[in-house]
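Nothing in this text is a laboratory measurement; each read-out follows from the coordinates by a stated rule. In this text, all values refer to a predicted model and were calculated from it rather than measured experimentally. Methodologically, a virtual Cβ is constructed for each residue, glycine included, from the backbone with ideal geometry; neighbour enumeration extends over all protein chains shown.
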Ligand SMILES: C[S@@+](CC[C@H](N)C(=O)[O-])C[C@H]1O[C@@H](n2cnc3c(N)ncnc32)[C@H](O)[C@@H]1O
């Protein structure tokens with residue numbers, strides 16, 4: 001999909017210090033936000049994010065493994081085991097995976113549902129569950145759709161929807177659960193998206209969010225920063241032919257709120273029992289909230 005806005009973005013690491021390049025002296029505020037270490041007009045961020053994922057879509061899954069040493073698989077497995085998806089008995093259990101990209105989380109959810117149904121001697125169908133992958137980027141969804149057909153055939157419980165997390169094309173109180181993995185930090189208006197997740201969930205519904213956190217554990221932070229800012233963009237250059245999108249991805253982690261602050265945002269959106277579980281020394285967290 002062609003990005004709505006094309007703006008050159010760049011930030012640099014100089015002698016280990018981050019140099020923050022702002023555009024035209026914009027200060028972050030009501031109508032400015034961050035894009036990696038750059039400050040951009042709020043209305044421009046989504047176009048820039050779309051451009052990143054348009055560039056990385058074809059190599060996204062390979063790069064995920066290379067950048068995390070395969071750890072993203074364990075983190076996603078943990079997310080799905082916390083969700084503990086169960087097929088509905090009287091009506092289909094409805095799940096939405098926001099920023100679902102190439103389908104990794106949704107496929108794990110479908111596999112978990114299939115295992116449960118098979119144990120009962122049944123077959124997973126739309127009477128038992130519906131799992132929707134929603135993403136703003138048609139290129140990421142296109143890769144996901146191809147993978148889904150290879151894995152489950154054309155007739156599965158999966159649906160693909162191209163839409164913005166800030167404005168879900170779904171009725172209020174129509175979902176049993178929502179997940180978002182490594183997606184929320186890319187959304188320009190995070191509060192708007194959290195509000196939408198709350199609106200779309202039924203009472204008793206659960207929201208789970210897997211996301212990186214800025215690293216500040218003494219000792220570990222230097223190793224982590226060296227890997228993130230020097231090694232990952234280089235891997236991106238070699239494997240995908242472009243370092244810049246990967247520089248954005250690691251910079252955006254450092255600009256994401258700390259887990260306590262993000263849990264407070266989830267609570268402010270209306271969710272109850274907002275909590276988070278750090279994984280791998282706090283490199284990532286799984287945030288949880290309930291609509292009760
Ligand atoms: C790092 S990828 C994560 C993909 C997948 N969840 C995973 O864990 O492998 C982030 C995804 O967020 C999507 N995204 C960014 N902004 C979005 C928005 N406003 N609404 C929906 N999806 C968005 C991107 O298109 C991209 O597919």
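Note: relative contact order over segment 80-150, using C-alpha pairs below 8 Å and six or more positions apart, is 44 percent. For the chain, the alpha carbon positions stretch 61, 40, 39 Å along the principal axes, listed from largest to smallest. Based on the Stokes-Einstein relation at 10 °C and a viscosity of 1.306 mPa s, and on the Kirkwood radius from alpha carbon pairs, segment 29-127 is assigned a translational diffusion coefficient of 97 µm²/s. Label segment 120-175 by shape, choosing from rounded, prolate and oblate, from the square roots a ≥ b ≥ c of the eigenvalues of the Cα gyration tensor; if a/c is under 1.5 it is rounded, and otherwise prolate applies when a/b is larger than b/c, oblate when it is not. Since a/c reaches 1.5 but b/c is at least a/b, the shape of segment 120-175 is classed as oblate. Measuring nothing but alpha carbons in segment 242-284 and taking Rh as the Kirkwood radius, the Rg to Rh ratio lands at 1.11. Of the residues 168, 62, the one with the fewest other Cβ atoms within 10 Å heads the list, and the complete ranking is 62, 168.
Computed over the chain with a Gaussian network model linking Cα atoms closer than 10 Å, the most mobile of 47, 103, 153 is 153. If you bin all the Cα-Cα distances of segment 197-284 at 10 Å, starting from zero, the percentages per bin are 15, 37, 28, 17, 4. Cα centroid separation, segment 52-70 to segment 83-137: 24 Å. For segment 50-105, the alpha-carbon radius of gyration amounts to 1.42 times the rule-of-thumb value 2.2 N^0.38 Å expected for a compact globular protein. Taking a ≥ b ≥ c as the square roots of the eigenvalues of the Cα gyration tensor, an a/c ratio of 1.5 or more together with a/b no larger than b/c marks segment 138-292 as oblate. Over the C-alpha trace of segment 124-226, radius of gyration and Dmax come out as 16.6, 51 angstrom. The relative contact order of the chain comes to 17 percent, based on Cα pairs under 8 Å that sit 6 or more residues apart. Could you tell me which of rounded, prolate or oblate describes segment 85-153, using a ≥ b ≥ c as the square roots of the eigenvalues of the alpha-carbon gyration tensor, with rounded for a/c under 1.5 and, failing that, prolate when a/b is larger than b/c and oblate otherwise? Prolate is the answer for segment 85-153, as a/c is 1.5 or above and a/b outweighs b/c.
For segment 110-258, averaging the sequence separation of C-alpha pairs within contact (under 8 Å, six or more residues apart) and dividing by the residue count gives a relative contact order of 17 percent.
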